[in-house]
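> First the structure, then my questions, so here it is.
The values are calculated or read from the model by the stated rules, or taken from the named source; none is laboratory data. Worth saying up front: this structure is predicted, and the values here are computed from it rather than measured. Every residue, glycine among them, receives a Cβ derived from its backbone with ideal geometry; neighbour counts consider all protein chains shown.
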C-alpha cells in the first residue's frame, strides 16, 4: 500500500513538472540576450578571393606553369617526359635509363640551389637556402613532375642503388616510397616469355 501511494505521488509530481515545462515551451536553460548577431562570412557579393584560390589550385593541377627559369624548366620537362614514358613502358631498359638520368639531373638542380655540402644531413645547412630550393621546386609544373615521378616509381623496377650516391637522398624526396628492390611483376613475366622464345 505504501508503495502504491509513493508511486502515485511520484507520478503526480513528474506529470506536474512535465506539464509546467511544456507550457513554457520546453526551455533547456535560461536565455539571456547576448547582443546583435554578426555575420561570420568574410566575403561580400562580387568578392573574387575564393575564386582566386580555386583558380590557383586548378592551375597547379592542370597547367605546366613554372617560374620561367629556362634551365629549371628544361630539367622539369625532361623529368616529366621520362617519368611518363617509364610509367607507360616500365620494362624498357631505355626508358629506365632515361628516367634515372632525368631524375638525377632534376635532383642535382635542387641540390645546386640548396648548396648543402652534405645533403644526407640537411639540418646542418642553411635554412634560407633550403627554403629557396623548396620555393623554386614548388611551381605547378614541379607538382606535376613529382606526381609523374611517384607514378613512375610505383611501377617498380627502379631501385635507389640505380642512382649515384651523391643524389640518392634528394631523389628520395621526389620519388617517395616508390623505389622498390623488386622488379615489376609485368617485367618478370615479359622476361620469362622472352626466355621461352629463345
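> Test residue 64 against the stated conditions and say whether it is at pLDDT below 90, in contact with a helix residue (DSSP H, G or I) (Cβ under 8 Å, 6 or more places away or on another chain) and surrounded by 14 or more Cβ atoms within 10 Å (Cβ to Cβ).
Spelling it out, residue 64 is indeed at pLDDT below 90, in contact with a helix residue (DSSP H, G or I) (Cβ under 8 Å, 6 or more places away or on another chain) and surrounded by 14 or more Cβ atoms within 10 Å (Cβ to Cβ).
> Select the helices (runs of 4 or more DSSP H) contained entirely in the range 86-177, then report the ones holding at least 2 residues which are at negative phi and free of Cβ contacts under 8 Å to residues at least 24 places away in the same chain.
On the way: elements: 93-114, 127-136, 140-153, 168-175.
Output list reads 93-114, 127-136, 168-175.
> When the range 118-139 is examined, which residues are found to be modelled with pLDDT of 80 or more and farther than 14 Å from residue 72 by Cα?
Passing the criteria: 124, 125, 126, 127, 128, 129, 130, 131.
> Return only the number of the condition from (1) in contact with a helix residue (DSSP H, G or I) (Cβ under 9 Å, 6 or more places away or on another chain); (2) at pLDDT 70 or above that residue 183 does not satisfy.
Every condition holds for residue 183 apart from (2).
> Residue 147 is checked against (1) within 19 Å of residue 99 (Cβ to Cβ); (2) crowded, with 16+ Cβ neighbours inside 10 Å; (3) modelled with pLDDT of 85 or more; (4) within 20 Å of the chain's Cα centre (by Cα) and fails just one. What number does that condition carry?
With (1) within 19 Å of residue 99 (Cβ to Cβ); (2) crowded, with 16+ Cβ neighbours inside 10 Å; (3) modelled with pLDDT of 85 or more; (4) within 20 Å of the chain's Cα centre (by Cα) applied to residue 147, the lone miss is (2).
> Anything in the range 157-177 that is more than 16 Å from residue 105 (Cβ to Cβ) and buried (at least 19 other Cβ atoms within 10 Å of the Cβ)? List them, or say none.
157 - this is the single residue of the range 157-177 that is more than 16 Å from residue 105 (Cβ to Cβ) and buried (at least 19 other Cβ atoms within 10 Å of the Cβ).
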